[in-house]
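Coordinate-derived values only; no laboratory data. Owing to the predicted nature of the structure, the values given are computational and were not obtained by experimental measurement. When we count neighbours, we look across all protein chains shown, and the Cβ atoms used for this are built from the backbone with ideal geometry, even at glycine.
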Amino acid sequence: MARIDGIRKATGAAIYAADVQRPGMLVAAVVRSPFPSARIKSIDTSEARAMPGVHAVLTGEDVGPALFGRRVRDVPVLAQGIVRYVGEAVAAVAAEDRPTAERAAAAVRVEYEPLPAVLTPEEAWAPGAPRVHDAPWSYEGAVVKPEDPGNLQSRVGWQNGGDVDQALAQSAHTVDLVFTTPAQHQGYIEPQACVCEVGRDGRTRVWAANKSPYRLREQLTVPLGLSPERYEVRPVPVGGDFGGKGAPMDVPLCAALARASDRPVKLARRYSEDLMAANPAHASRTRVRAGCDADGRITALDVHLEWSGGAYAGYKPVPTVNLHGAHGAGSSYRIPAIRIESLVAYTHTVPGGHRRAPGAPQTVFAVESALDELARVAGLDPVAFRRANLLREGDATPLGDRYAEVRGVETLDAAMAAYRPVPAPAGMRHGMGIALYDRGTGIGRSSMALRAEAGGGVTAFVSFPENGAGAHTAVQTLVARGLGLQPAQVAVEHLSTDELPPDDGVGGSRVTASIGELVARAVAAYQSERPEPGQSVTATLEPGGTRRVTAFAVQIAQVAIDPETGRVQPLHILSAHDVAEVVNPLAHEVQIEGGVAMGLSNALLEDLAVVDGRVTAANLGDFKLASQRDVPPIEVVLVPGGLGVGAGNVKGIGEMGNVAVLAALANAVRDALGARVCALPITSEAVYRVLHGEAGQ
Amino acid sequence: MKVHLRLNGAGVEIDARPDAFLLEVLRDQGLTGAKEGCGVGVCGACTVLVDGAPVSSCLLLVGQCDGCAVVTAEGVGQLAPHIAAAFSDHEGLQCGICTPGQVVSAYALLRKNPHPGDAEIRSYMAGNLCRCTGYASIRRSIEAAANG
């Protein structure tokens with residue numbers, strides 16, 4: 001079935017945040033810190049203010065000290081006398097056009113006194129290390145206490161079963177490995193962008209590349225000191241999200257500029273600004289210790305994760321202010337003794353945010369690589385080792401979570417049944433690697449309305465934006481099915497935050513499951529109330545109330561390696577998924593293919609290359625995203641018949657495609673090389689060093 | 001400075017700054033199909049045709065286009081609506097931000113070779129990044145447009 005938004009997008013008619021035009025609109029430019037840690041001695045805006053066409057120049061003093069954040073409110077709208085990362089906003093300009101705004105921004109004179117910086121968690125924990133924040137426990141939403149280590153953002157840990165250290169000491173085979181991943185931008189092609197306009201009624205209207213408009217509305221209230229009703233977040237599609245478009249980002253600053261200039265203002269970032277100063281995936285360092293007995297049964301798993309949280313915690317939305325991917329370490333297997341600890345450090349680097357299954361790609365890379373190595377150390381086939389250790393029906397996970405069904409073995413068997421070796425080109429070495437991931441599916445808070453139209457059709461009004469994954473098309477499909485209509489009789493319209501009860505936004509692999517339940521409720525209300533044309537019914541959804549469901553994904557990667565140059569050529573990726581009902585088979589398949597390509601890009605190409613606290617891969621030529629030529633054939637295998645959630649009986653797919661691909665590729669490289677590369681991205685240089693025995697960096 | 005373009009088939013005279021890039025001028029004309037992605041000629045989201053050749057409009061000064069025929073995604077939508085339809089039907093897009101550029105490049109490719117093979121599509125389209133789809137559905141869309 002065709003996408004409901006397909007033609008509009010493909011012909012350029014769809015209006016994204018950066019495309020919005022308002023009468024009298026100004027354009028903003030931002031002055032950013034060149035230092036990772038410094039005191040602002042003075043800011044001279046006189047020259048910028050005097051430039052023709054400049055309507056507002058704001059500094060930290062002008063916007064005041066109020067802080068924003070998704071959970072921890074620790075992010076200033078503009079720096080308050082201190083800068084904490086390269087790229088932090090120090091001042092901002094609104095002017096008639098972009099060249100004028102950028103010239104005026106360049107004319108703002110800022111005098112800094114550089115201060116010592118901590119750039120990694122290791123440096124952040126060191127005794128006597130400079131503190132990124134004097135009193136991080138004092139921020140609203142903070143989860144740390146005065147007695148915690150000075151630069152701690154968050155610490156979570158879990159353990160279950162027997163004594164991990166004892167079990168490891170008694171294991172026939174063990175591994176103890178350290179894995180690292182760099183900071184990685186989400187790679188959305190649309191840079192962060194917003195437009196703000198203060199109406200005659202004093203309300204601020206916002207158009208923003210943001211996936212959770214109702215949350216944005218709430219998040220705006222503190223820094224600008226107005227109640228949620230004073231904001232209206234207008235509907236626009238999101239030009240790529242992958243977790244990176246959930247924070248208020250530049251909206252508080254843009255709104256302040258709109259107020260100061262009394263004109264609508266657009267703040268659309270240059271991509272280089274986005275790479276250096278948005279909210280990329282956290283850099284990680286993970287130590288994994290794992291053991292098994294002489295028969296290859298896993299005895300214990302100990303996972304210690306340290307994340308570089310960057311200068312602010314405010315870009316992480318969850319109550320723990322951590323990365324929930326850490327909780328899934330080892331979750332697919334029977335492990336009688338497990339311990340996981342996950343620490344996030346404040347560092348003088350770009351603040352870390354969410355990316356497609358936050359923390360899971362890094363965690364699964366480390367754990368699935370370590371378990372692969374454990375199998376090899378034990379002299380066992382990595383596939384057979386996994387199969388023997390996978391959870392079986394009725395098992396709880398190592399941390400004690402129970403699900404309605406457990407289909408890891410079925411998914412692995414389906415993947416292996418479909419697996420066909422692809423020959424490596426002449427002169428290159430072949431490698432095959434496998435990795436697993438499992439993730440629960442939930443539903444989220446949401447709302448919609450159905451209005452009867454003359455002629456028998458309906459319009460579905462929805463509260464959530466279209467970030468690309470096809471939510472609006474799914475609504476159309478399910479409403480048509482529910483009411484016995486043709487899809488063409490169902491229009492879908494995204495409304496502003498004034499119009500419907502709150503929605504939590506698109507993410508967490510919960511959208512289709514939520515829509516399945518939400519549409520069922522709307523259809524039931526529609527059928528019982530039988531609205532006249534022009535009248536509508538509203539349905540809402542709250543989280544919870546569903547059976548506990550998880551889904552398994554098995555990724556099998558094949559690579560060829562050139563032994564002379566170290567070049568890694570991906571040959572094929574097979575992606576097998578445990579599914580229940582699939583609402584739109586084609587969109588589902590493309591979600592998987594897109595996820596796999598993203599995982600491949602994460603594994604082999606992407607590195608923001610933070611040097612001395614500065615993002616040095618500051619354009620898309622240096623921060624490389626996989627292109628048409630980099631992505632090998634992807635084969636999708638579905639294992640149907642699973643138990644889903646909600647009326648749609650759905651398992652999530654949005655974050656199933658990408659996560660385990662990093663580990664599958666790393667394991668394929670290990671298979672080809674006979675040695676393991678433990679740092680991402682796996683570049684030709686890294687492989688060359690392994691092949692030719694040169695010491696690593 | 002005054003610049004004359006044949007823009008999506010119609011002659012226009014535009015008053016532009018000498019340092020303006022074609023992308024900015026097109027967007028100021030309300031043709032916002034071309035997007036600023038990377039801004040440095042890597043991602044392809046700003047792709048338009050200048051005298052029939054696909055170019056990154058973020059890198060081309062508008063003065064260099066004086067007297068040229070410029071076709072944008074909006075224009076391709078008129079000239080070859082079946083390409084946009086194929087992308088829509090075959091899920092050759094998700095978020096859509098790169099899609100106008102993809103469609104312009106696909107149009108140029110199909111004019112060069114009405115039935116390109118897989119390797120030719122991959123090579124020709126390598127300058128149009130897409131973070132959503134993983135590219136296979138874009139190739140399927142182009143193949144469908146070629147056959148449709």
Simple Cβ-charge dipole of the protein assembly as shown, Lys/Arg +1 and Asp/Glu -1, about Cα centre, in debye nearest 20: 420 debye
task: Could you count how many Lys pairs in chain A have their Cα atoms under 28 Å apart, skipping same-chain pairs fewer than 8 positions apart?
output: 19
Average beta carbon contacts from partner chains per residue of A:98-107, 10 Å cutoff: 1
- line: Counted neighbours (other Cβ, 10 Å), sorted fewest up, put A:T180, A:T11 in the order A:T180, A:T11
task: Let me know the mean shielding of B:132-145 by other chains, meaning the per-residue number of their Cβ atoms within 10 Å of its Cβ.
output: 6
task: Going by C-beta contacts inside 10 Å, put A:R297, A:R567 in order with the fewest on the left.
output: A:R567, A:R297
message: For a Förster distance of 22 Å, can you work out the FRET efficiency between the beta-carbons of A:R567 and B:E120, rounded to the nearest 0.05?
response: 0.45
field: segment B:2-72: radius of gyration and largest Cα-Cα distance (Dmax), Å
entry: 10.7, 29
message: List the trypsin sites (Lys or Arg not before Pro) within segment A:175-216 that DSSP assigns to loop and that have no more than 13 neighbouring Cβ atoms inside 10 Å.
response: A:R200
message: Looking only at the protein assembly as shown, where both bridge partners belong to it, what percent of the DSSP beta bridges are antiparallel (to the nearest 5)?
response: 75 percent
query: Roughly how many nanometres apart are two label points built 7 Å out from the Cα toward the Cβ at A:R22 and A:Q166?
result: 6.5 nm
- prompt: Other chains' Cβ within 10 Å of A:185-196 residues: what's the mean?
  reply: 4
message: For Cα pairs less than 8 Å apart in space and 6+ apart in sequence, what is the mean separation divided by the residue count of chain A, i.e. the relative contact order in percent?
response: 15 percent
- prompt: In degrees, nearest 10, range 0 to 90: what is the angle between the Cα axis of helix B:99-112 and the longest Cα principal axis of chain B?
  reply: 80 degrees
query: Calculated FRET efficiency, A:E61 and A:D97, Cβ-Cβ r, R0 30 Å, to nearest 0.05?
result: 0.70
- prompt: Fewest first, what order do A:Y271, A:Y312 take by the number of other Cβ atoms within 10 Å?
  reply: A:Y271, A:Y312
field: Hull volume in cubic angstrom per residue (convex hull over the Cα atoms of chain A)
entry: 160 Å³
